[in-house]
1. Restricting the search to region 276-305, which residues are open to solvent by less than 30 Å² (accessible area, probe 1.4 Å) and either among the acidic types (D, E) or touching a residue at least 60 places away in the same chain (Cβ under 8 Å) (or both)?
2. What's the total number of residues in region 272-293 that are of a type in the set (V, I, T), at pLDDT 90 or above and touching a Leu at 6+ places or on another chain (Cβ under 7 Å)?
3. Quick check, is F309 among the aromatic types (F, W, Y), farther than 30 Å from G331 by Cα and either open to solvent by less than 60 Å² (accessible area, probe 1.4 Å) or at pLDDT below 85 (or both)?
4. Take the residues of region 35-50 that are in a helix (DSSP H, G or I) and open to solvent by less than 70 Å² (accessible area, probe 1.4 Å): which is nearest to I8 (Cα to Cα)?
5. Filter region 333-362 down to the residues that are farther than 17 Å from A163 by Cβ, touching a residue at least 60 places away in the same chain (Cβ under 8 Å) and among the β-branched types (V, I, T) and list them by number.
6. For S55, are the conditions met, namely being at pLDDT 85 or above and either buried (at least 18 other Cβ atoms within 10 Å of the Cβ) or more than 29 Å from D392 (Cα to Cα) (or both)?
7. Give the number of residues within region 275-299 that are under 23 Å from the mean Cα position of the chain (by Cα) and in a helix (DSSP H, G or I).
8. Restricting to region 24-34, name every residue that is over 16 Å from L10 (Cβ atoms) and either in a helix (DSSP H, G or I) or open to solvent by 80 Å² or more (accessible area, probe 1.4 Å) (or both).
Amino acid sequence: MLKTRENIYLGLLCLLLLTLVTSYYATIPIVLLVVFFFTDKKAIVKNKIVIAFKSPITSMLVVYFLIHLIGYLCAIESKFALKEMTQRLSYLILPMIIFGESVSYNNLSKLLRLFTILVITVLSLLVCYHYVFYQKSISSFVYFGYKTLAISPFYYSVFIFIAMKISIAFKPKFWQVELFVLFLFLFLLGNRTSILFVLIYMMCLFFKEVKLSAFKKVGVLFLLLLFGGVTIGISGAVRQKTNILFKTISFDIETIQTKNSITHTRNTLEHRILIWHLAKDIITENPMFGVGVANYKTELYNKYKEVNFKAAIKNRFNTHNQYIEEVLKFGVIWGGVFVCFVVLFVKQTLNYKNGFPVVLLVALLSFFESFWYRHHGVLIISFMIPLLCVYDKKTRRQLI
């Protein structure tokens with residue numbers, strides 16, 4: 001009976017992983033997981049919840065959800081606030097399920113290996129489809145991949161990094177080839193922040209754990225930098241974004257505002273600078289309590305219209321900074337609390353070999369994306385990070 005229950009649980013987790021890396025249909029397996037979690041004896045369900053809350057991560061994510069629930073209950077425009085709440089509902093339920101349900105070490109290991117295989121398979125199929133059927137160069141893959149899956153490279157770069165961590169942890173046959181392929185995909189997606197983070201992290205990991213002479217380590221480092229330079233050269237996304245950045249960048253807010261009111265510019269850093277400047281104006285007008293979960297996007301869009309920010313009006317940009325977004329919604333007090341919350345989240349995962357670097361990457365990307373709000377960002381935080389932490393905890397027990 002217990003074995004059957006574990007197999008059902010694993011099947012639902014596999015379905016969630018599949019939908020996570022391919023679509024926006026993760027809601028279906030999440031609902032099934034909730035039903036599965038509560039279809040047990042009352043005492044067992046209660047015990048699972050107690051076990052789940054022994055992890056500070058569960059408590060922290062539930063508190064984050066409850067803060068937004070209070071904002072929803074206080075909202076006047078409840079329709080938009082309800083959408084905000086449903087997108088964050090995973091913070092309440094998934095950590096309890098992942099930390100509360102029982103799964104063996106071997107089965108969890110297989111599940112994580114499946115994730116790596118899924119990421120490589122999905123991206124490989126997309127590249128083949130892009131090259132063979134559309135006859136486009138690989139350098140333009142990022143645009144096709146984003147259009148096909150509708151998943152931002154910001155989130156897929158985290159999937160790739162998680163897959164890298166799993167591959168390094170398990171070291172299956174030809175794991176070095178897996179790592180090479182994942183690096184290639186990371187560069188093709190062109191998210192510069194993630195590329196820089198992963199390169200620095202992997203170099204630190206290499207110098208710390210690989211037992212080679214200093215001369216050989218320098219040689220390997222040179223080859224890695226050469227590989228990175230060549231890959232950037234063939235990655236149209238990185239090259240094009242970098243060219244646009246250096247050729248058009250300005251840090252004068254009036255110049256940025258003028259350019260973006262005349263035409264649809266493509267400098268994403270300037271977009272962010274202007275968005276953050278407009279958000280600052282709203283915050284200045286509502287410093288203590290913000291404008292609420294139901295109103296912050298409306299207020300931001302009104303600012304876009306005031307300055308005729310063409311790209312933002314067309315694409316309905318969010319704040320592209322989770323820290324600023326929290327201040328915009330709830331004011332500077334909660335904004336400060338949220339920063340402390342993220343720092344505590346990082347601190348709580350310090351002892352998790354695979355979970356910690358992913359949390360660190362999320363904290364970094366939150367400066368450039370509303371990571372805690374978007375669908376795949378929510379699932380990375382509420383599902384993938386707890387899953388990695390559970391694996392790390394079971395790995396430590398295996399070594400005792």
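The values are calculated or read from the model by the stated rules, or taken from the named source; none is laboratory data. All values derive from a computational prediction rather than experimental measurement. Positions of Cβ are generated from backbone atoms using ideal geometry, with glycine treated the same way; all protein chains shown enter the neighbour counts. Accessible surface areas use protein heavy atoms only, side chains included; no ligands, DNA or RNA. Shrake-Rupley method; radii C 1.70, N 1.55, O 1.52, S 1.80 Å.
1. Matches in region 276-305: G292, V293, A294, K297.
2. Number satisfying all stated conditions: 2.
3. On the way: among the aromatic types (F, W, Y): yes; farther than 30 Å from G331 by Cα: no; either open to solvent by less than 60 Å² (accessible area, probe 1.4 Å) or at pLDDT below 85 (or both): yes.
In short, no.
4. Only one residue tops the list, namely F36.
5. Residue satisfying the conditions is T349 alone.
6. yes
7. 5
8. Once the filter is applied, which keeps residues that are over 16 Å from L10 (Cβ atoms) and either in a helix (DSSP H, G or I) or open to solvent by 80 Å² or more (accessible area, probe 1.4 Å) (or both), region 24-34 yields Y24, Y25, T27, I28, V31, V34.
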